[in-house]
Every structure is written in structure tokens, then in C-alpha cells.
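The values are calculated or read from the model by the stated rules, or taken from the named source; none is laboratory data. All values derive from a computational prediction rather than experimental measurement. Note that each Cβ is placed from the backbone with ideal geometry, even for glycine, and that neighbours are counted across all protein chains shown.
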């Protein structure tokens, strides 16, 4: 699991940023927190509830967390904003390239 320095926090998640990050790094469940990751295979972005980090299959996967949200609505808002910005800057939905250049 990778957590880059340029991670995006939703407005609600940012209020408890340090606590949430610490729990995620320790692979602990945080109620009503969702993680946004780069796609593991094909796709644009993926949204998971934080409890997925307690599952061994996902812990072993090489996932890159690019966003953290409080609630599913906030997660979807972050994804929407990222995709709009990505398309404006790259004229494509290549989120891997977008976050590499961010």
C-alpha cells in the first residue's frame, strides 16, 4: 500500500486528517471513511470503504491511495473533481499520469 504526499482529503476527512492517516497506515478500520485508489487493473479510480484495508487480499495488493473521504458522497465528489481536473489538464482520463504529474 502506497500513500503519496499529494493525497487529496475531502473537507470532512481533513478535519481528522492525522488520526485517519495513522489508522490507515496501521491498516485499521475507520468508521465512514472511504479510500480512493488508482485502478489496480483497468479503469479510472476506485472507491473502497476503509475496512477493506483489514482484509489480507487487499493489504497484499500494491494499491496507491490518492484520496480519503468521510462518507461515500464525499468520496464521489472527490472522484468527480479529480476527473474534471484531469480532463482539463491532460485532455484524457489518465489518472495515473495525472497523479504522477501532480
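Before moving on, here are some points about what is shown:
- Any chance residue 75 is surrounded by 12 or more Cβ atoms within 10 Å (Cβ to Cβ), modelled with pLDDT of 90 or more, in a strand (DSSP E or B) and under 13 Å from the mean Cα position of the chain (by Cα): no
- Of all residues in segment 53-69, exactly one satisfies the criterion of being over 10 Å from the mean Cα position of the chain (by Cα) and crowded, with 18+ Cβ neighbours inside 10 Å, namely 53.
Yes/no per residue for (1) under 14 Å from residue 3 (Cα atoms); (2) out of contact with any strand residue (DSSP E or B) (no Cβ under 9 Å at 6 or more places or on another chain); (3) surrounded by fewer than 14 Cβ atoms within 10 Å (Cβ to Cβ); (4) modelled with pLDDT under 95:
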{"position": "38", "(1), (2), (3), (4)": "yes, no, no, yes"}
{"position": "41", "(1), (2), (3), (4)": "no, yes, yes, yes"}
{"position": "71", "(1), (2), (3), (4)": "no, no, no, no"}
{"position": "79", "(1), (2), (3), (4)": "no, no, no, no"}
{"position": "94", "(1), (2), (3), (4)": "no, yes, no, yes"}
{"position": "101", "(1), (2), (3), (4)": "no, yes, yes, yes"}
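- Of all residues in segment 1-21, those being assigned to a loop (DSSP other than H, G, I, E, B) and touching a helix residue (DSSP H, G or I) at 6+ places or on another chain (Cβ under 6 Å) number 1.
- Segment 4-14 - residue that is touching a residue at least 40 places away in the same chain (Cβ under 8 Å) and surrounded by fewer than 16 Cβ atoms within 10 Å (Cβ to Cβ) and, of those, farthest from residue 102 (Cα to Cα): 12
- Among (1) closer than 19 Å to residue 86 by Cβ; (2) surrounded by 13 or more Cβ atoms within 10 Å (Cβ to Cβ); (3) at pLDDT below 90, the one test that residue 24 misses: (1)
- Restricting the first member to segment 68-91 and to residues that are more than 10 Å from residue 8 (Cβ to Cβ), and the second to residues that are part of a helix (DSSP H, G or I) and at pLDDT 95 or above, the beta-carbon pairs closer than 6 Å and six or more apart or on different chains are 70/12; 70/13; 74/12.
- Members of segment 43-69 found to be modelled with pLDDT of 85 or more and out of contact with any helix residue (DSSP H, G or I) (no Cβ under 6 Å at 6 or more places or on another chain), listed by number: 46, 48, 49, 50, 51, 63, 64, 65
- The set of residues in segment 81-92 being more than 17 Å from residue 42 (Cα to Cα) and out of contact with any strand residue (DSSP E or B) (no Cβ under 9 Å at 6 or more places or on another chain) consists of 84, 85, 87, 88, 89, 90, 91.
- Segment 22-48 residues that are at positive phi and assigned to a loop (DSSP other than H, G, I, E, B), paired with ones that are at pLDDT below 95 and loosely packed, with under 13 Cβ neighbours inside 10 Å (beta carbon under 7 Å, 6 or more apart): 27/54; 27/59
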